[in-house]
Structures are given as structure tokens and as C-alpha cells.
1. Could you line up Leu16, Leu155 from fewest to most neighbouring Cβ atoms inside 10 Å?
2. Using the Cβ atoms and a cut-off under 12 Å, what net charge is assigned to the surroundings of Arg87, where Lys and Arg are +1 and Asp and Glu are -1?
3. In what order do Thr18, Thr42 fall by count of nearby beta-carbon atoms within 10 Å, going from fewest to most?
4. So who's got an amide H within less than 5 Å of the one on His52, skipping anything under 5 residues away but keeping other chains? H placed 1.01 Å off N, in plane.
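Computed from the coordinates by the stated procedures, all read-outs in this text should not be read as laboratory data. Since the structure is predicted, the reported quantities are computational estimates derived from the model, not experimental observations. Note that each Cβ is placed from the backbone with ideal geometry, even for glycine, and that neighbours are counted across all protein chains shown.
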Amino acid sequence: MEGRLMQIRQEIQDILDTTARDSGFSAVLRVIVKHFQAHMGTIHGLAEGDGHLYLLGATDGIPEPVLAASRRIPLGKGIAGASALQRKPVSLCNLQTDDSGVARPGARATGAHGALCVPLFLGDKVVGALGIGCQGDRVFTEDETTELLDLGRILAPYVANSLPSTRKQDLS
């Protein structure tokens with residue numbers, strides 16, 4: 001398993017080093033989603049001083065209304081916002097029935113059940129969030145959570161460079 005994870009790390013690094021950012025993030029998500037046998041994924045970047053996460057990449061199959069709602073997420077709202085604000089992974093076995101208040105209506109509209117979202121750390125600083133979702137109920141293991149955090153650390157410098165603090169004005 002460790003050999004496969006090293007191979008995925010290298011594949012992600014190669015994509016990020018050779019592909020334009022927008023399409024690179026989508027390509028990276030496809031690799032990550034496949035590795036975790038998930039069905040969808042998103043990458044969000046946190047704008048400095050803005051208090052919002054901005055959608056940088058998403059897999060195919062997420063409904064347009066959901067994408068529209070996730071293009072700008074207040075820090076602390078929804079699964080990605082909670083993960084980034086709390087600086088820790090957020091995992092739900094079935095976001096369709098979750099009553100914690102973390103799963104927002106837009107997330108439910110994806111049809112996903114099992115979800116895992118981790119903050120993207122650049123050193124000790126949170127620069128975004130990486131989330132994956134599955135069509136059926138799913139409990140992500142501690143090892144899977146650690147792997148997603150590790151892959152997020154590879155993504156973090158690219159995410160941080162993709163969303164300068166001035167971009168918040170462009171997306172408002």
C-alpha cells in the first residue's frame with residue numbers, strides 16, 4: 001500500500017508541475033478520487049483576510065447548482081468551511097442524514113453519502129480544503145484520513161499560489 005501511495009504522490013506532483021492550474025486541479029482530483037474509490041471531489045482555496053473558500057477544482061458529475069453554491073463558501077460553513085476553520089478533518093458516514101449542521105443543503109444535492117474533507121496545510125497555515133465524497137455510506141479510516149491530509153500537503157503550495165489575496169475582489 002505504501003508503494004501505491006508513493007506512486008500517487010509522484011503522479012500528483014507531476015500533474016501539478018506540468019499542467020495549467022485549473023485543469024491540473026481537476027486532474028489531481030481524478031487521481032485522488034480514484035485512489036480512495038470515491039465518486040467526486042473538490043479543492044477550495046482560502047483567500048487571505050477574506051474569510052471565504054473559493055472553488056479551484058471539482059470533478060465531473062457535481063450538479064451545476066451545487067458548484068455554483070460552492071464557488072464561494074464562508075469559513076466555518078459546510079463541510080469544507082468547517083474543516084478549514086477547525087483545522088481538522090471532517091468526516092460524515094452519510095451526509096444525507098447528518099443532523100450535526102455541518103452538511104449543507106448544497107452538499108446533500110450531490111447525492112453523496114460518505115464524505116471526508118481535510119484542511120490544506122502549508123506548514124502550520126491553512127490555505128484551503130480538499131474533499132471527497134462517495135455515493136454510498138462510507139466511514140473513512142484513520143489511515144485514509146492521514147493519506148488525504150498527506151496528499152493535501154502536496155497540493156497546498158499550488159493552492160496558496162492560485163488564490164492571491166486580491167482575487168477575492170474578482171470573485172465578489
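1. Working: Leu16 18, Leu155 28.
In increasing order of surrounding Cβ atoms, one gets Leu16, Leu155.
2. On the way: positive: Lys88, Lys125; negative: Asp124.
The answer is +1.
3. Numbers: Thr18 9, Thr42 28.
By the 10 Å Cβ count, ascending, the order reads Thr18, Thr42.
4. So His52 has HN proximity to Ala47, Leu75.
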